[in-house]
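A short write-up of the structure that comes next.
The values are calculated or read from the model by the stated rules, or taken from the named source; none is laboratory data. Nothing here was measured: the structure is a model prediction, and the numbers come from that model. Neighbour counts are summed over all protein chains in view; Cβ atoms, including those assigned to glycine, are modelled from backbone coordinates with ideal geometry.
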Amino acid sequence: MKKDLLSILDVSVSEMDRLFRLSDELEGSKKKPLEGKALALLFEKASTRTRVSFESAMLRLGGHSIYLESKTMQMSRGETLGDTAKVLSSYVDIIAARMYKQSDLEELGKAASIPVINALTDLEHPCQALSDVYTIRQLMDPRGRKLAFVGDIAANTANSLMVAAAMAGMEVNLVGPKNCKPNMEYVKAAGKHADVSIFSNQKEGLDGADVVYTDTFISMGQEEEAGKRRKLFKDYQVNRKLMSYAGEKAVVMHCLPAHRGEEISAEVLDGRQSVVWQQARNKMAVEKAILLALSNQA
């Protein structure tokens, strides 16, 4: 892999497969390959799963994590990202950054002399996408299968996931309102590996889907648009009716946190087709592999 994981586009098919094999190998391992190493968690955005899974992954590998909330750092008083990156590079061994802007993450990565991991930006969520595809691989052979992403098909999770799923051999359907346009850079990148189709009609978009995936309609930073976005996406809630278009064998995924009754109904989230909790558990497994790979310990 490259020094950093700033984008899903930094990962090749063979590297993704290697990460998944490593995730399997690390399951139940008591080895401490990162003993004495430190991970800085530099977060501008709130987090539950990403923060805890990274901290737990580092702990299980023998290392230590330092949580750095940007508003309590000198960044909040004007210190540049470049200066912050240079200082952190002298104290810790790797940085996982959760930031509002992809451009800021890239600035951080450029200045740092240690690996930087994208723990979410406005443009991407690559660690989430990798753990999602890892989960799908546990459930089925992804080659020739179909993933339908429903709702905000322009979101960061959609960008990373469509590429990762296509790299695994899955056909991808993006299902959202006509005036919600996906990022064509990622559609093009995914299209190099598998077919990507865009639908506004829910029944057509979910037809034959093996995996139905959704995410919040209101991402962090979009709170002022909440009313407008709820109206835009109201017909794309993943509920029993929409799931009937995919069929009884389809599984449901959501990266969480879920807004029950908004982008997904409670009965589907908690229903027998949901693999959401398995999906959440797998974040730590894949992040352990990422930490090892970027630390040149695998």
With the condition kept exactly as written, say whether any residue in the stretch 220-232 is assigned to a loop (DSSP other than H, G, I, E, B), under 20 Å from the mean Cα position of the chain (by Cα) and in contact (Cβ under 8 Å) with a residue 60 or more places away in the chain.
yes
Given (1) more than 30 Å from Gly28 (Cβ to Cβ); (2) of a type outside the set (A, V, I, L, M, F, W, C); (3) touching a Phe, Trp or Tyr at 6+ places or on another chain (Cβ under 7 Å), identify the lone condition not met by Ser219.
(3)
Against the condition in contact with a His (Cβ under 8 Å, 6 or more places away or on another chain) and modelled with pLDDT of 95 or more, how does Val211 come out, does it pass?
no
Against the condition part of a loop (DSSP other than H, G, I, E, B), touching a residue at least 60 places away in the same chain (Cβ under 8 Å), small (Gly, Ala, Ser) and out of contact with any Pro (no Cβ under 9 Å at 6 or more places or on another chain), how does Ala194 come out, does it pass?
no
In the set Ser265, Ser219, which member is farther than 30 Å from Arg21 by Cβ, modelled with pLDDT under 95, surrounded by 15 or more Cβ atoms within 10 Å (Cβ to Cβ) and out of contact with any Pro (no Cβ under 9 Å at 6 or more places or on another chain)?
Ser219
Can you tell me which condition Asp141 does not meet? The list is (1) assigned to a helix (DSSP H, G or I); (2) at pLDDT 95 or above, and all the others hold.
(1)
What are the residues in the stretch 80-103 that are surrounded by fewer than 17 Cβ atoms within 10 Å (Cβ to Cβ) and part of a helix (DSSP H, G or I), if any?
Gly82, Asp83, Lys86, Val87, Ser90, Tyr91, Ser103
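This table checks each residue for (1) under 16 Å from the mean Cα position of the chain (by Cα); (2) assigned by TED's automatic domain parsing to the domain that holds Arg230.
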residue: Met99; (1), (2): yes, no
residue: Ser103; (1), (2): no, no
residue: Gly144; (1), (2): no, yes
residue: Ala158; (1), (2): yes, yes
Can you name every residue in the stretch 3-25 that is in contact with a Pro (Cβ under 9 Å, 6 or more places away or on another chain) and not hydroxyl-bearing (Ser, Thr, Tyr)?
Lys3, Asp4, Leu5, Leu6, Ile8, Leu9, Asp10, Val11
For the condition surrounded by fewer than 22 Cβ atoms within 10 Å (Cβ to Cβ), polar (S, T, N, Q) and under 28 Å from Asp17 (Cα atoms), what is the one hit in Asn239, Asn183, Asn179?
Asn183
Considering the stretch 104-129, residues that are aliphatic (A, V, I, L, M), within 17 Å of Lys283 (Cβ to Cβ) and touching a Lys or Arg at 6+ places or on another chain (Cβ under 9 Å), and then whichever is surrounded by the fewest Cβ atoms within 10 Å (Cβ to Cβ), we arrive at Ala119
What are the residue pairs meeting all of these: first residue in the stretch 1-24, first residue under 20 Å from Thr121 (Cβ atoms), second residue part of a helix (DSSP H, G or I) and of a type in the set (Ser, Thr, Tyr), Cβ atoms under 6 Å, and 6 or more apart or on different chains?
Ile8/Ser160
Of Gly109, Gly62, the only residue that is on the phi > 0 side of the Ramachandran plot and not acidic (Asp, Glu) is Gly62
